[in-house]
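Okay, so here's the structure we're looking at.
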Amino acid sequence: MSARSGAGCELPSECDVAIIGAGPIGLMLANLLGAAGVDVAVIERNSGLVGLPRAIAYDAETLRLFAQVGLFDEIATGLIQDPEIVYFNARGGRLMEMKPPRSLFGHSPIGTFYQPHFERVLLGGLDRFASARALFGHTVTALGQDHSGVDVRIETPRGQRTLRAQFVVGCDGGASMTRDAIGARLVGATYAERWLVIDALIDNHDVDKITFFCDPRRPTVRLPAVGSRVRFEFMQLTGENPDELASDDRVKEFMEPYVDFSRVKIERRVVYTFHARVADAWRKGRVLLAGDAAHLMPPFAGQGMNGGIKDCANLAWKLAAVIAGKAGADILDTYEVERAQSVRTMVNLSRRLGAIIMPTNRVIAGLRDAAFALLNLSDSFRAFVRRGGVLPPPGISRSALTGIGRDAVIGQMLPQPEVSAGGETRPLDSFLSCHQWLVLSVGADPSAALSARDHTIIDNLGAAFVAINAPSADRSVLRLQCREQSFLDWVSRHRLGGVLVRPDRFIAERLASRAELRSLDAFAATARAPVVNSPISATAA
């Protein structure tokens, strides 16, 4: 445990943001806020990191955010990148297979990780910031807020204390006391099915694919993890007792068809109930929810933890802007507006995948097999599934911080190509700081398209100006070259000239010839007089 965290770390009397919960979501949010210079305290009731491999799947957005906050190199050794995903029916026939290409966002689109490693990296990352601390063995017992802040009552090893914070974010899981404190409730379904999850150590195993065994007699999932780790998930069938299901004899019975059980060391076994539920409110005044406190989803689309990481990306820069006085607190209303629909889409997709892929009714499974046999006659269907087309691309809903209208580019995540400057080639994000706005154009000078008002606002926000493949540009604009065909195809497909990109790397709106940008309205009141935009200094993101 780092020197600046732990039960012995001193609880401050006040801070900018108090985060309740030191899981991956709370720790990622703390790193993002720390990178912005926000005074942040993570409050965790346990005496240390939980250290259990609960979540296991990542996506490209999660890896991009780790890189953005400067921690990708530390987690890279613990990743299984780009595994093939295969779905078998009861007879061993292939229903589907996925092998997505490298994503437009610069990282592996799907794979597995070891959660305790992620959490250790995130906790250690807080040591980089003088304004960030994690306090273990501290239990939040009550919240009371007024117009200027939140009083956080905490049971500490030294007794009851009160912390005054400008904002509180509850990252305290599915049983969130923060959610209860703001009067929010989870809306949705609790799955009747439970799953036995087994994390095993198997030396020299040959598991290199994520495999779904879609056998109605007992649906099963097998996933590789780093080193000798393998995860197995077995559905609990109707009438089975969860305690008996996790017994030594049953675990051996379940695993023997897949592995020589004498080589297996069980690291963890637990029976989970899957949920598909979303909170009906993510914010009340100065208290907000993120991760499992705001939404719970089945694992079939691999978005449980990843959904919470996306919450962090959306929320952190907005909190930082409010605390820095660059915008009013009402921009925090856009958090739920932008994220909730995406979350509901992923929850519903996870439910559909579970229902289609994992039925326990043999008639339904037979109909599924027949349907996939027909669908797989189509080359285009197989190609669509193989490239991961089942999963929707990253996106946010329209809000006061985006443009309006039907322009498909608004709310998309900006791709991250390899670009070069001065003979050095690096990912685009590495030319930006963690929370930096970006004014980007392809083939032109982006600064020429901004109105005088927007120039003032953009300069006040410290935005970067970048021109890709532009013949010329103002001295203050960083000119980069890109030959990556997938990015150039994306530019051509969307007829991209110039765009305003937010710190979370989502496109706010297109640049129009000196027209004022709606997405900047919330920042207009605090903008100071125009300053000369300085060239971008490359910072490892």
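Order these peptides, 366-376, 55-65, by their mean beta-carbon neighbour count within 10 angstrom, highest first.
Details: 366-376: 14.2, 55-65: 24.3.
Those peptides, ordered most packed to least, come out 55-65, 366-376.
Pull up all non-local amide H partners of ASP215: gap of 5 or more, or a different chain, and H-to-H distance under 5 Å with H placed in the peptide plane.
THR220
Return the sequence-ordered ³J(HN,Hα) values of the stretch 506-512 in whole Hz as given by the Karplus equation 6.51 cos²θ - 1.76 cosθ + 1.60 applied to θ = phi - 60°, using x for Gly and Pro.
Karplus-based 3J(HN,Hα) across the stretch 506-512 equals 9, 7, 6, 5, 6, 7, 10 Hz.
Over the stretch 418-523, what number does the Rg to Rh ratio reach, with both radii from the alpha-carbon atoms and Rh per Kirkwood? Numbers along the way, then the final one.
Details: Rg = 13.1 Å, Rh = 14.0 Å.
Across the stretch 418-523, the Cα-based Rg/Rh ratio is 0.94.
Taking 7 Å along the Cα-to-C-beta vector as the label spot, tell me the SER513-ARG352 distance in nanometres, rounded to one decimal.
4.2
Provide the per-residue ³J(HN,Hα) series for the stretch 93-106, in order, calculated from phi with Karplus coefficients 6.51, -1.76, 1.60 and θ = phi - 60°, each as a whole number of Hz, with x at glycine and proline positions.
With the stated coefficients, the stretch 93-106 comes to x, 7, 7, 8, 8, 10, 8, x, x, 3, 6, 5, 9, x Hz.
Under a crude label model (7 Å from the Cα following the beta-carbon direction), how far is GLN160 from ALA324 in nanometres?
The modelled label-to-label distance comes out at 3.9 nm.
What share of Cα pairs, in percent, lie more than 20 angstrom apart in the stretch 231-382? Each step should come with its number before you reach the end.
Details: 7584 of 11476 pairs.
Counting pairs separated by more than 20 Å, the tail of P(r) holds 66 percent.
Using the charge dipole of the chain (Lys, Arg: +1 at Cβ; Asp, Glu: -1 at Cβ; taken about the Cα centre), state which of GLN160, SER262, HIS205 has its Cα farthest towards the positive end.
Working it through, the farthest residue towards the positive pole turns out to be HIS205.
Between SER420 and ILE364, what's the calculated FRET efficiency when r is the beta-carbon distance and R0 is 51 Å? Round to 0.05.
Values: r = 53 Å, r/R0 = 1.04.
Calculated value: 0.45.
Among 106-116, 509-519, 286-296, what's the highest-first ranking by average C-beta atoms within 10 angstrom per residue? Walk me through the numbers on the way to the answer.
On the way: 106-116: 21.6, 509-519: 17.2, 286-296: 27.6.
Descending packing order for the listed peptides: 286-296, 106-116, 509-519.
Return a whole-number percent for the relative contact order of the chain, with Cα pairs under 8 Å and 6 or more residues apart as the contact set.
Relative contact order of the chain: 15 percent.
Where does each of GLU233, GLU14 land when they are ranked from fewest to most other beta-carbon atoms within 10 angstrom?
Numbers: GLU233 19, GLU14 15.
Ranking GLU233, GLU14 by Cβ neighbours within 10 Å, fewest first, gives GLU14, GLU233.
Sort LYS252, LYS310, LYS265, LYS326 so the one with the fewest other Cβ atoms within 10 Å of its own Cβ comes first. Walk me through the intermediate numbers first.
Values: LYS252 13, LYS310 26, LYS265 10, LYS326 18.
The order, fewest Cβ neighbours first, is LYS265, LYS252, LYS326, LYS310.
Multiply the residue separation of ASP474 and THR526 by 0.36 nm, subtract the distance between their alpha-carbon atoms, and state the gained length in nm to one decimal. Walk me through the intermediate numbers first.
Details: separation 52, 0.36 × 52 = 18.72 nm, distance 2.60 nm.
Gain in length upon complete extension: 16.1 nm.
Mind jotting down the distance between the C-alpha centroids of the stretch 433-477 and the stretch 194-245, whole Å?
Computed from Cα coordinates, the inter-centre distance equals 50 Å.
In what sequence do ASP459, ASP311, ASP146 fall when counting other Cβ within 10 Å, fewest first?
Working: ASP459 20, ASP311 28, ASP146 9.
Lowest count first: ASP146, ASP459, ASP311.
What's the extension gain from SER47 to SER486 if we count 0.36 nm per residue and subtract their Cα-Cα distance? Write down the numbers at each step before the final one.
On the way: separation 439, 0.36 × 439 = 158.04 nm, distance 4.72 nm.
Extra length available between SER47 and SER486 comes to 153.3 nm.
With point charges of +1 on the Cβ of Lys and Arg and -1 on the Cβ of Asp and Glu, referenced to the Cα centre of the stretch 71-149, which listed residue (HIS147, HIS117, GLY137) lies farthest in the positive direction of the dipole?
HIS117
Could you check what % of the DSSP bridge pairs in the stretch 1-128 are antiparallel, to the nearest 5? If you can, show how the numbers build up before the last one.
Details: 9 of 13 bridges.
Looking only at bridges with both residues in the stretch 1-128, the antiparallel portion is about 70 percent.
Determine the shape class of the chain: with a ≥ b ≥ c the square roots of the Cα gyration tensor eigenvalues, call it rounded for a/c under 1.5, and otherwise prolate if a/b is greater than b/c, oblate otherwise. The partial results should precede the final answer.
Values: a/c = 1.88, a/b = 1.28, b/c = 1.47.
Oblate is the answer for the chain, as a/c is 1.5 or above yet b/c matches or exceeds a/b.
Is it possible to state the helix-based mean residue ellipticity at 222 nm for the chain, with each DSSP H run of 4+ residues giving -39500 (n - 2.57), the sum divided by total residues, to the nearest 500 deg cm²/dmol? What is it?
Working: 13 runs with 139 residues, N = 541.
That calculation yields -7500 deg cm²/dmol at 222 nm.
Assuming a strict under-27 Å limit between Cα atoms, what lysine pair count do you get for the chain once near-sequence pairs (fewer than 8 apart, same chain) are dropped?
Close lysine pairs found across the chain: 12.
With a length cut of 30 Å (Cα positions projected on each helix's long axis) and a Kyte-Doolittle mean of at least 1.0, go through the chain and give me the DSSP H helices that pass.
In the chain, no H run is both long and hydrophobic enough.
Quick note: the coordinates plus some simple rules give every number you see, no bench work behind them. Please read all numbers here as calculations on a predicted model, not as lab measurements. Every residue, glycine among them, receives a Cβ derived from its backbone with ideal geometry; neighbour counts consider all protein chains shown.
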